[in-house]
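**Student:** My questions all concern the structure below.
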Amino acid sequence: MQSYLITSREFYTDTPAVFRSILHEQLQLHLPTYALYRDKSNPDYDTQAEHHVQVCSQFDNVKSFLHQKPDLAKALGATGVHLSSKQFDKIEYAKSLDLEVIVSTHTHEEVYIAQDLGADAVVYGPIFTTPRKGQAKGLADLKELVEQTNIKIFGLGGIVDRSSIKEIEKTNVYGFASIRYFY
């Protein structure tokens, strides 16, 4: 099963040297296949994004993703861009830049839209209870979605330890995404 590390200012900070050190340590420890730099409030997002791509490039099998900014992802040589559920209109553009595209989704309908518009994968959730993210979808809902679609799906939300990963694996989902598990 694929794994998708998502950064958070809460754990990774916005101080470049500290960020690089923590990210490198977590990539080395967990060896995720995907890593997203996500920090909606960093006024120096572009510089930190560059650090993210550089650190990820030190690992052979880590794909680097930037949040919501296809042009920056392309300019920095990131593998792809992670679009929000309000950016379906940017999927085609990001694909035209030869970026892999992952889209955040919260409903089955959004997953189908992302699939139809050519996204490479979606993050869907929350699967388990997680702070400030609404009602958990649950494993049965995720399994049903996996069986009905042809797009790669990362389950997200409340995945904080090996036991939740083992539970999510039973759905045959492509992978899991998490902030807290990777810190």
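**Student:** Taking the residues in the stretch 1-18 that are surrounded by fewer than 22 Cβ atoms within 10 Å (Cβ to Cβ) and of a type outside the set (S, T, N, Q) as candidates, determine which candidate is farthest from residue 51 (Cα to Cα).
**Tutor:** 1
**Student:** Quick one: which helices (runs of 4 or more DSSP H) lie wholly within the stretch 6-81 and hold at least 2 residues that are more than 30 Å from residue 118 (Cβ to Cβ)?
**Tutor:** Once the helices (runs of 4 or more DSSP H) in the stretch 6-81 are filtered for at least 2 residues that are more than 30 Å from residue 118 (Cβ to Cβ), what remains is 9-12, 16-30.
**Student:** Regarding residue 131, is this residue of a type outside the set (Phe, Trp, Tyr), at negative phi and at pLDDT below 95?
**Tutor:** yes
**Student:** Being within 22 Å of residue 174 (Cβ to Cβ) and surrounded by fewer than 22 Cβ atoms within 10 Å (Cβ to Cβ) is the filter here; which residues of the stretch 39-61 pass it?
**Tutor:** The answer is 59, 60, 61.
**Student:** Just checking, does the stretch 122-138 include any residue being surrounded by 14 or more Cβ atoms within 10 Å (Cβ to Cβ), more than 18 Å from residue 176 (Cα to Cα) and charged (D, E, K, R)?
**Tutor:** No: zero hits.
**Student:** Kindly list, by first and then second residue, each pair from a residue in the stretch 35-46 that is under 18 Å from residue 179 (Cα atoms) to a residue that is of a type in the set (Val, Ile, Thr) and in a loop (DSSP other than H, G, I, E, B), limited to pairs with Cβ atoms under 8 Å and residues at least 6 apart or on different chains.
**Tutor:** Taking only residues 6 or more apart or on different chains, the pairs are 35/7; 35/62; 36/7; 37/7; 38/7; 39/7.
**Student:** Taking only the stretch 75-99 into account, find how many residues are over 16 Å from residue 38 (Cα atoms) and out of contact with any helix residue (DSSP H, G or I) (no Cβ under 8 Å at 6 or more places or on another chain).
**Tutor:** Residues that pass the stated criteria total 5.
**Student:** Tell me yes or no: at least one residue of the stretch 36-44 is under 19 Å from residue 123 (Cα atoms) and in contact with an Asp or Glu (Cβ under 9 Å, 6 or more places away or on another chain).
**Tutor:** Taking every residue of the stretch 36-44 in turn, at least one turns out to be under 19 Å from residue 123 (Cα atoms) and in contact with an Asp or Glu (Cβ under 9 Å, 6 or more places away or on another chain).
The values are calculated or read from the model by the stated rules, or taken from the named source; none is laboratory data. This structure is a prediction, so every number in the text was calculated from the model and none was measured. Note: ideal-geometry Cβ built from the backbone for every residue, glycine included; neighbour counts use all protein chains shown.
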